[in-house]
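Student: This structure is in structure tokens; I'll ask about it shortly.
The values are calculated or read from the model by the stated rules, or taken from the named source; none is laboratory data. Not measured: the values here are computed from a predicted model. Glycine gets a Cβ as well: all are built from the backbone with ideal geometry, and neighbour counts include every protein chain shown.
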Amino acid sequence: MGTGSISKVKWLPGHLLVVVAVLVCLRLGWWQWDRTREAEGTLQNFAYAILWPAFGASFIYMWWRFLSLEASREAEDDRELDEDLALMSEQEAADRADRAELLALQASAAPDAAPQLTNAHESDVTEPTDDADREDWFVGTVEEADEDSDPELAAYNRALAALAEEDRRRAG
């Protein structure tokens, strides 16, 4: 159990409650001990004089156990988070490598059709100003999807094509 978990501000009310409970138990034990020493004191008073401090000790043990379990749970959560972050970074690196490999394959297969990757700023891109230029302005491509390999992608592409056609009809 780390010391950071015990000193958290959110545990302050719990610490205070345990201290008060232990002090009350000790005071009740002291009172029972005084009752045992009086003339009408009994064995029952003596038993309670021992039992009340035991209750106080159990409060301390329960609070310590609670903090230990909470600290181990937090450590487990931190470990899982670190593992997830490491896995995500490995996947991102693999994705980047796959993309680079795919671009290299595309460039070697058709060098004239290879995409040009540049660091263009938004200010470098100019949008056509009149409708004639706008019709010829090329925004991007949608590759034909093989419906046998990915029917969901093919349906999505058909829906996008229908929306684009509807926009073209509205515009002109």
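Student: Are any of the residues in the range 41-48 closer than 30 Å to Lys10 by Cβ and not polar (S, T, N, Q)?
Tutor: No, because not a single residue in the range 41-48 is closer than 30 Å to Lys10 by Cβ and not polar (S, T, N, Q).
Student: For the range 27-43, name all the residues that are within 23 Å of Ile60 (Cα to Cα) and surrounded by 15 or more Cβ atoms within 10 Å (Cβ to Cβ).
Tutor: Leu28, Gly29, Gln32, Trp33
Student: If we scan the range 104-127, do we find a residue that is more than 30 Å from Lys10 (Cα to Cα), at pLDDT below 75, under 35 Å from the mean Cα position of the chain (by Cα) and part of a helix (DSSP H, G or I)?
Tutor: Checked against the condition, which is being more than 30 Å from Lys10 (Cα to Cα), at pLDDT below 75, under 35 Å from the mean Cα position of the chain (by Cα) and part of a helix (DSSP H, G or I), the range 104-127 yields at least one hit.
For (1) assigned to a helix (DSSP H, G or I); (2) modelled with pLDDT of 95 or more; (3) surrounded by 15 or more Cβ atoms within 10 Å (Cβ to Cβ), each residue gets a yes or a no:
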residue	(1), (2), (3)
Gly4	yes, no, no
Lys10	yes, no, no
His15	yes, no, no
Leu23	yes, yes, no
Asn45	yes, no, yes
Leu69	yes, no, no
Ser72	yes, no, no
Leu87	yes, no, no
